[in-house]
1. Inside the stretch 115-141, can you point out the residues that are farther than 28 Å from P14 by Cα and either outside any helix (DSSP H, G or I) or within 15 Å of the chain's Cα centre (by Cα) (or both)?
2. Filter the stretch 61-77 down to the residues that are assigned to a strand (DSSP E or B) and open to solvent by 30 Å² or more (accessible area, probe 1.4 Å), then identify the one that is modelled with the highest pLDDT.
3. Name every residue in the stretch 86-99 that is over 10 Å from the mean Cα position of the chain (by Cα) and surrounded by fewer than 20 Cβ atoms within 10 Å (Cβ to Cβ), in order of residue number.
4. Quick check on my filter: what residues within the stretch 84-112 are without any contact (Cβ under 8 Å) to a residue 24 or more places away in the chain and in a helix (DSSP H, G or I)?
5. Which ones in the stretch 47-56 are under 21 Å from A122 (Cα atoms) and assigned to a helix (DSSP H, G or I)?
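The values are calculated or read from the model by the stated rules, or taken from the named source; none is laboratory data. Keep in mind it's a predicted model, so treat the numbers as computed, not measured. Cβ: placed from backbone, ideal geometry, glycine included. Neighbour counts: every protein chain shown. Areas reflect the complete protein model, heavy atoms only, side chains present, ligands, DNA and RNA absent. Shrake-Rupley method; radii C 1.70, N 1.55, O 1.52, S 1.80 Å.
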Amino acid sequence: TSIYASQVEAMRKPLRQMFAQKTADFYVDIIGSYYNAMAERVGQTPDEFYAAHPLSIQLGMQPAIDAVNLLPSDNRGSVQFSEGSALVNLFDKADISTPLHEFSHFFLENLKGLSQASPEIAADYDTVKKALGMEGDAITR
């Protein structure tokens, strides 16, 4: 088994703790498809692409206070980026849309980074930014 495949499979456990099996499996399929497609797009194996852009999922209690606004937090999830890796946090208020929302931040951040090395991916990134109504590179939602 490849490192990529075992890491993607490891994401199934926290997702199944929070969601029905079919929902968790759906999200794992999305992540697996993302790694396969992007690896092919940049001429890498899925293992190589995962090594450069690792993702993990953790379940946790939501923060009691929003650190930015100092108000009670109703966050359902978050994603933290650190040196090329990403950690998706799913909080106790997460609903069925939360993983896809947080994964989208991960996908968009990777697309942004990859756009610097490929004119084709840069064009894709511009298309996505336009569709989302983004100005510049700020990901605000």
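1. Answer for the stretch 115-141, where residues must be farther than 28 Å from P14 by Cα and either outside any helix (DSSP H, G or I) or within 15 Å of the chain's Cα centre (by Cα) (or both): Q116, A117, S118, G133, M134, E135, G136, D137, A138.
2. My answer is I65.
3. Answer for the stretch 86-99, where residues must be over 10 Å from the mean Cα position of the chain (by Cα) and surrounded by fewer than 20 Cβ atoms within 10 Å (Cβ to Cβ): F91, D92, K93, D95, I96, S97.
4. T98, S104, L111
5. E48, F49, Y50, A52
Matching residues to (1) without any contact (Cβ under 8 Å) to a residue 24 or more places away in the chain; (2) assigned to a helix (DSSP H, G or I); (3) under 18 Å from F91 (Cβ atoms); (4) in contact with a strand residue (DSSP E or B) (Cβ under 7 Å, 6 or more places away or on another chain):
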| residue | (1), (2), (3), (4) |
| --- | --- |
| Q7 | no, yes, no, no |
| K13 | yes, yes, yes, no |
| R16 | yes, yes, yes, no |
| T23 | no, yes, yes, no |
| Y27 | no, yes, yes, no |
| I30 | no, yes, no, no |
| Y35 | no, yes, no, no |
| M38 | no, yes, no, no |
| R41 | no, yes, no, no |
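Residue-wise test of (1) among the aliphatic types (A, V, I, L, M); (2) within 18 Å of H101 (Cβ to Cβ); (3) open to solvent by 60 Å² or more (accessible area, probe 1.4 Å).
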position	(1), (2), (3)
L15	yes, yes, no
A24	yes, yes, no
G32	no, no, no
G43	no, no, yes
P46	no, no, no
F49	no, no, no
